[in-house]
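Where a number appears in this text, it was derived from the coordinates with a stated rule and is not lab data. No experiment lies behind these values; they were computed from the predicted model shown. Positions of Cβ are backbone-derived with ideal geometry, glycine not excepted, and every protein chain shown enters the neighbour counts.
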Amino acid sequence: MATRAVVGLGAAPLAARPAKSGFLGARLAPVAAQRRSINSTRAVTRAAVGSDFPSNWLNKDPLVPVLGFLGWTIPANIPTGALGGNSLFGLFLGSIGENLSHFPIGPSLTDKFWLYLIVYHVGLFTTLLLGQVGVNGRKQGYFN
């Protein structure tokens with residue numbers, strides 16, 4: 001079968017792709033081989049994991065995020081001398097309001113908003129993580 005040249009970038013000749021045959025099996029053979037490899041990978045994964053791993057590994061408790069949020073936000077609302085008699089949460093919300101007043105323009109990199117954002121969220125996520133660990137540890141009897 002003859003191939004005709006196609007001009008590519010920089011006038012470099014590229015070989016044109018030959019026309020595909022009309023035989024459907026030639027096109028489906030690679031797909032079937034790929035399915036076999038995926039199924040065999042899944043079988044190996046199932047065999048390696050085994051049945052000892054619980055399907056409900058997260059042990060979600062809807063009360064933990066609510067109490068974790070309150071457990072961080074309420075103390076973050078207490079005014080401290082380190083912040084000039086203001087609270088972290090109050091300064092964070094105040095900086096959000098200040099930056100929203102300049103809406104199309106975002107906060108600069110030197111804005112205190114970023115410090116308040118990072119400190120508040122690191123504390124919040126730490127509280128949520130420790131709350132989840134504590135509740136599940138208590139359920140499983142680690143603290144007895």
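Annotations
- Length added when fully stretched, ASP61-ILE118, from 0.36 nm per residue minus Cα-Cα: 17.9 nm
- Potential lengthening of the chain between VAL133 and THR110 amounts to 4.7 nm, from the contour at 0.36 nm per residue minus the alpha-carbon distance.
- Contour excess over end-to-end distance, with Cα ends at TYR142 and LEU93 and 0.36 nm allotted per residue: 13.8 nm
- Order of SER108, SER87 - criterion: other Cβ atoms within 10 Å of each residue's Cβ, fewest first: SER108, SER87
- Residue order, fewest to most beta carbons within 10 Å, for TRP114, TRP72: TRP114, TRP72
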